[in-house]
Structure formats: C-alpha cells, structure tokens
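The values are calculated or read from the model by the stated rules, or taken from the named source; none is laboratory data. Since we're looking at a predicted model, the values are computed, not measured. Cβ atoms come from the backbone with ideal geometry, glycine included; neighbour counts cover every protein chain shown. SASA here: full protein model, heavy atoms, side chains in, ligands and nucleic acids out. Shrake-Rupley method; radii C 1.70, N 1.55, O 1.52, S 1.80 Å.
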Amino acid sequence: MKKRAERRRLSLGTLLMLLLTLAVLILCGVFLAMIAGNGAGARSELFLSLPTGEERAPEAPTPVPGAQEIAPAPAQTASIAESTPTPAPAVCSFTLAAGGTVYAPKAIRESAMEGNDHYDFEPVFAGLGDTLSAADLAIVTLETTTAGAQKGYGTYNTPPQILDALRAVGADLVSLATERALDKGYDGLTLTVGELTARGLASAGVSLGGGAQNGSIFGVNGIQVAVLAYTYGLSDEGKQQTREAERAAVCSIDEQRMVDDIRQARAAGANVVIVLPHWGTKNKQETPAEIRRLAVTLAEAGADIILGTHPNVVLETERLRVTRADGLDYETVVCYSLGSLLTDARAAENTAGMIAHLSVTYDPAVRRATLGELVCTPVYIARDRMDTATVYRVLDTDNMAALSALSAQEQRAAQEAAQAVRDITGQSQREEEGEG
C-alpha cells in the first residue's frame, strides 16, 4: 500500500511540473509573436516608401521595439507614382530650299552637249554650290519634259541628264505641274516621271494611272511634310497631244480642289503643307489681285508655305496671318514667284532668280509648326564665252569663286541682278514691318 501511494504522489508532482512548463512556453510564444509582428509591419512600410526608379533609398535603421515610425501610406506612394511627368514629344525641325523654273531649250541643250548625243548639265549648275544641297528638303520646278531622244528634243523636251545635274546640286523633289507637262503626250509625261524615279527624285503635281494622287507625304527629320503642286493650265500643244481624260493627269489650279487636297493631307497626318502653284502672268512684275486672294484661301485651308512659279521674274514675298477652322491664328509664308532657275532669256528680270530658304520647326505637343526667317538668295543665269563656245551658268551671286570665273560684263550683270532681287524682297519686308 505504501509503495502504491508513493507512486501516486510522484505522478501528481510530475503532472504539476508539466503544467508549469507548458504555461511558461505559452507565455514565451505570445511574447515572441508580438515582437515578430511589430518587425514585419515596419519592413512592409519601408518597402512601400521606396522610390519607383532604379536607385533605391538607403536601408533604414532597424526599428527599435516600441518606437513610433512615420512612413508614407500606400495611397500617398501611388499618388506620387501617378504624377511622374511623361517625357514630352521631341520638337523637330528641318530646312527648306526652293528654286524657280528650270527650262532648257535648244541653246542651253547645245551648250551642254559633249558629242555622240551625250549631255553634261552639271557645269551649268555648279555655281550654286551648296545653296540647295545644304537644305534638308530642296525643291525645283521643271518646265520641260525629259521624255528621251525618241520623242525628239525640242523647246520643251530636254535630255534626262539634266536630272542628274539637279540631283547632284541637291534637289530632292521636282514639281511637274506646269503648262508644258503634256507637250510630249501622256506617255512623255510617264517617261519623265520614270526618269525622276530612277534617280531617286520625288515629284509632285501629276497623277498617273487615273489616281487622285497629287504629291506625297515625306518624313523629313521626323516631320511629316506634304508637297502639293498645281498649274494654271496646259499649253495648246499639250492639249493636242492628249485626250481629255489624260489631261487630268496634271493637277490644275482649282480653288475647291486645292482646299480639299490640303485638308486631306492634314487628315492623312501631314504636320506641314507646302503648295507649289504655277500661276500668275509671264514676265509681269505685279502680282494679280486674284493670286493674292487665292493665297489667303490656301493659307486659311492649312497651307504653311506657298512657293509660286511661272512669271519667270521674281515677285514679292509675304507672311500672311490667318485664322483657320480650329479658330487659332497661323502664319503662312508666300513667295509669289521665285523667278527662273534656268532659262535662255536675256532680259535682266529673267536672268535674276532666287532660292528661298526657310527653317520649319514642329512641336508635336501643341501640333503646330513655326516658320523661321525667310532668306532669299539671289541667283544669276549667266551666258558667257568659254573658248569658242557659248556656255550657260547658274550661280549663287554670293559665290565669289563662280562669280570671278565670269567675264567682267557678266559679273556686273550678276551684281545688278542680285540687287534687283534684294530690292524686291527687301521692300516686301519693309512693307510688312510698316503694317505691323
């Protein structure tokens, strides 16, 4: 009996010890859990407050138990991330150069002939230097076809080697919208376009194959530029050479069509619209009122730059200020006539041409183009003697090397031509300043 009682007492003591040990373990567990919970909360808040960029903030010191921590709430962090500015689209710009009409009748063609039906027109334009090539986009107007010998060279059909010379001097785009475009028929125009394409030269003002395409939209330094060209009409020879349906291949000046084309170009993504109208009256040094009115209409429709040809003399320039359909005010630069870039005419006003230079900046954030200062470079078309041959030379009148190669008589004529151009464009600028 005694032994059984001792075993009972030992069993009760052991039980009490086990209960006490269990109680201690539970208390320790609760305490440890509280510490662990506080630490996890602090780490979570530190993570949410880290910057969103690649650089992370320095590690925060280990929180002291019981100390109060201040960290940005998750909602605040989200607000900061959402307000991070998005990089603005890049502002782009390009430079434009535009020369007048290129016309190469028999006298010029013969001066460029080197025998065996081979022609080299590059010396004709060498005096221009980089006047065209320095620009991002250089434009000229071709007042002749380049339909090849099979069509018979004549007053308005020139060997296609003239295109090699234009390309060499920096031309990028050629307007074909002149009254002479169909002088060798529709197939002659097709051959001309093919010669341009083969040399990597773009064209505007014609629509082959019955399409409605006038020009194209070109990417120039990230800016989408539309170039549209039109002529006042066709020569009698051009009308005789083609059927009425084929005449539509050359884009004619029609106010509503021009307005529609400009708006369609804008809708197609053009940031800048350039219009090349072959208009006005040949050899007249006054700009007709209807031409000025049409320029305003085109500017209001969305034309940024208007570069006229056909009169074969330099006419004034103007900066129009118009309100467009969006209710905002815009500027449009107009050159009513660039004059001739190449001709055999010897009247002083015909030998004096100009190349217009303009910088264009486009800001995609506001979807607006800004036009810089218009600079008009006078050019002179010289006819001189070299040994026993007559040669034609087109030169930038500031190109002293090209100028010094001319005879004394032609040097004086070049200087007079330059002054005449400066007087015309300078008078325009003074009139604008007076109106402002």
Determine the pairs where a residue that is in contact (Cβ under 8 Å) with a residue 12 or more places away in the chain and charged (D, E, K, R), located within region 179-197, has a partner that is in a helix (DSSP H, G or I) and surrounded by fewer than 24 Cβ atoms within 10 Å (Cβ to Cβ) with Cβ atoms under 8 Å apart, the partner being 6 or more residues away or on another chain.
ASP183/GLU237; ASP183/GLN241; LYS184/LYS151; LYS184/LEU191; LYS184/GLN241; GLU195/LEU163
Being among the small types (Gly, Ala, Ser) and in a loop (DSSP other than H, G, I, E, B) is the requirement here; does GLY269 meet it?
yes
Among the residues in region 302-316, are any open to solvent by 20 Å² or more (accessible area, probe 1.4 Å), touching a helix residue (DSSP H, G or I) at 6+ places or on another chain (Cβ under 9 Å) and within 19 Å of LEU358 (Cβ to Cβ)?
yes
Give the residue that is least open to solvent (accessible area, probe 1.4 Å), with candidates limited to residues of region 365-380 that are farther than 18 Å from ALA352 by Cβ and not aliphatic (A, V, I, L, M).
GLY372
Being farther than 17 Å from VAL313 by Cα and at pLDDT below 95 is true for just one of ARG412, ARG383, ARG393, ARG430. Which residue is that?
ARG430
If you check VAL174, VAL169, VAL225, VAL140, which single one turns out to be modelled with pLDDT of 95 or more, buried (at least 20 other Cβ atoms within 10 Å of the Cβ) and either more than 17 Å from THR101 (Cβ to Cβ) or touching a Pro at 6+ places or on another chain (Cβ under 7 Å) (or both)?
VAL225
Those residues of region 254-283 which are open to solvent by 10 Å² or more (accessible area, probe 1.4 Å), among the β-branched types (Val, Ile, Thr) and closer than 20 Å to ALA97 by Cβ, in sequence order
none
Going through ASP130, ASP164 one at a time, which residue ends up being open to solvent by 10 Å² or more (accessible area, probe 1.4 Å) and not in a loop (DSSP other than H, G, I, E, B)?
ASP164
Has region 331-341 got any residue that is open to solvent by 10 Å² or more (accessible area, probe 1.4 Å) and modelled with pLDDT of 95 or more?
yes
Looking only at region 365-398, count how many residues are among the charged types (D, E, K, R), within 27 Å of the chain's Cα centre (by Cα) and assigned to a strand (DSSP E or B).
2
Would you mind telling me which numbered condition in (1) among the small types (Gly, Ala, Ser); (2) surrounded by 17 or more Cβ atoms within 10 Å (Cβ to Cβ); (3) in a helix (DSSP H, G or I) ALA401 fails?
(2)
Checklist (1) out of contact with any Gly (no Cβ under 7 Å at 6 or more places or on another chain); (2) farther than 25 Å from GLN264 by Cβ applied to LEU196, failing item:
(2)
List every residue pair whose Cβ atoms sit under 8 Å apart, with the two residues 6 or more apart in sequence or on different chains, where the first one lies in region 415-436 and is open to solvent by 100 Å² or more (accessible area, probe 1.4 Å) and the second, anywhere, is at pLDDT 95 or above and in a helix (DSSP H, G or I).
GLU416/ALA348
Answer yes or no: is there a residue in region 211-218 that is in contact with a helix residue (DSSP H, G or I) (Cβ under 8 Å, 6 or more places away or on another chain), within 26 Å of ASP260 (Cβ to Cβ), open to solvent by 20 Å² or more (accessible area, probe 1.4 Å) and not small (Gly, Ala, Ser).
yes
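Residue-by-condition table, conditions (1) farther than 19 Å from ALA107 by Cβ; (2) of a type outside the set (A, V, I, L, M); (3) in contact with a Ser or Thr (Cβ under 8 Å, 6 or more places away or on another chain):
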| position | (1), (2), (3) |
| --- | --- |
| THR323 | yes, yes, no |
| ASP329 | yes, yes, yes |
| THR343 | no, yes, yes |
| GLY353 | no, yes, yes |
Of all the residues that make up region 229-245, how many are buried (at least 20 other Cβ atoms within 10 Å of the Cβ) and in contact with a Ser or Thr (Cβ under 9 Å, 6 or more places away or on another chain)?
4
